[in-house]
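K.L.:
Sharing a structure here in structure tokens format.
The values are calculated or read from the model by the stated rules, or taken from the named source; none is laboratory data. Because the structure is predicted, anything quoted here is derived from the model rather than measured. Because the Cβ atoms are built from the backbone with ideal geometry, glycine has one as well, and the counts that use them run over all protein chains shown. For the accessible areas, the whole protein counts, side chains as well, though only heavy atoms, and no ligand, DNA or RNA atoms are used. Shrake-Rupley method; radii C 1.70, N 1.55, O 1.52, S 1.80 Å.
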Amino acid sequence: MQNNKTNFDIDLISVVIPCYNHGHYLSAAIESVLAQSYGHIEIIVVDDGSTDTTREVAQKYQQVKYVYQSNSGLSAARNKGIELSKGSYLSFLDADDALYPQALEINHKHLQQNPKAAFVSGAYVMDFKETDEKKEIVRKLSMEPYVALLHNNYVGMIATVLFRKWVFDEFKYDINLKRCEDYDLYFKITRKYHVVHHQEKIAVYNIHHTNMSSNEPDMLKTVLKVLDRQKEYLKTNLELQALEKGKQIWKNYYCGEILQKLKKGS
């Protein structure tokens, strides 16, 4: 899509953008992909039964492959994007978020340098729309990725991840999970394959009142369910301890968020 190719523009990267009634954000997401320094890209917008302007917005862009499906949830929308993709690499960008201009080039370079890695993840910025506050989330791994995930979701934001396409020959997003489906997928992959993580900024995570993650009780219920799924796979005391610590970390986090909302009268 861009003419200024880099030395790494030899592989097609498919960027899948699921969208459910976020048409007013969608243009910014699409344009952040069109602005990438990495030139060999396809964009797939999966409209998950939207009743707003999603179709009209997506179809304004000739570079976008638009597909509509009846409302089936985020996991199903991402799986549809995987099915339609032609790239050797996949990136998933939520319709209300955005990529930094060198995001795909950076992640592609890391995977080229780590040929056995199933995915790479990086840093991101949380942009709180209601307060105009911005917070950089930059994490370093001090333990194996699978154990780190048991403690917490160090990846944090799906748009920071670039997957190799072959991952999805074996794994898909769980359509029975309405939340935390990405967290669940990371566990499946890191149990079996090598992954890498870096501290370069990849994406902007826009925080607003319609975020799925704003429903703290449901988020807590689901994240504990995803963690409990790992029990049958744990092999060491370290992993078992990490799981128990992780459950407590999530309880503290979401209960704290709920208390803050109660104090504010939400």
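K.L.:
Of everything in region 84-132 that's more than 19 Å from HIS22 (Cβ to Cβ) and among the acidic types (Asp, Glu), which residue is least open to solvent (accessible area, probe 1.4 Å)?
P.N.:
For region 84-132, the residue satisfying everything is GLU105.
K.L.:
Is it fair to say LYS172 is open to solvent by 70 Å² or more (accessible area, probe 1.4 Å) and closer than 21 Å to LEU12 by Cβ?
P.N.:
Here the answer is yes, as LYS172 does meet what is asked.
K.L.:
Can you tell me which residue within region 226-241, out of those that are within 22 Å of TYR253 (Cα to Cα) and either in contact with a Leu (Cβ under 8 Å, 6 or more places away or on another chain) or part of a loop (DSSP other than H, G, I, E, B) (or both), is most open to solvent (accessible area, probe 1.4 Å)?
P.N.:
LYS231
For every residue, the table says whether it meets (1) in a loop (DSSP other than H, G, I, E, B); (2) of a type in the set (Val, Ile, Thr); (3) modelled with pLDDT of 95 or more; (4) over 25 Å from SER88 (Cβ atoms).
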residue	(1), (2), (3), (4)
PHE163	no, no, yes, no
VAL167	no, yes, yes, no
TYR173	yes, no, yes, no
ARG179	yes, no, no, yes
LYS192	yes, no, yes, no
HIS198	no, no, yes, no
LYS201	no, no, yes, no
VAL204	no, yes, yes, yes
HIS209	yes, no, no, yes
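Matching residues to (1) surrounded by 18 or more Cβ atoms within 10 Å (Cβ to Cβ); (2) over 20 Å from the mean Cα position of the chain (by Cα); (3) assigned to a strand (DSSP E or B):
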| residue | (1), (2), (3) |
| --- | --- |
| GLY39 | no, yes, no |
| VAL46 | yes, no, yes |
| ASP52 | no, yes, no |
| GLU56 | no, yes, no |
| GLN62 | no, yes, no |
| TYR68 | no, yes, yes |
| ALA76 | yes, no, no |
| ASN79 | yes, no, no |
| ILE82 | yes, no, no |
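K.L.:
Under the condition of being more than 15 Å from the chain's Cα centre (by Cα) and not in a loop (DSSP other than H, G, I, E, B), which residue from region 84-112 is nearest to THR54 (Cα to Cα)? Show your work before the answer.
P.N.:
Applying the first criterion (more than 15 Å from the chain's Cα centre (by Cα)) to region 84-112 yields 84-88, 101-102, 105-106, 108-112.
Filter once more, keeping what is not in a loop (DSSP other than H, G, I, E, B): 84, 105-106, 108-112.
Details: LEU84: 19, GLU105: 27, ILE106: 29, HIS108: 29, LYS109: 32, HIS110: 33, LEU111: 32, GLN112: 35 Å.
The qualifying residue nearest to THR54 (Cα to Cα) is LEU84.
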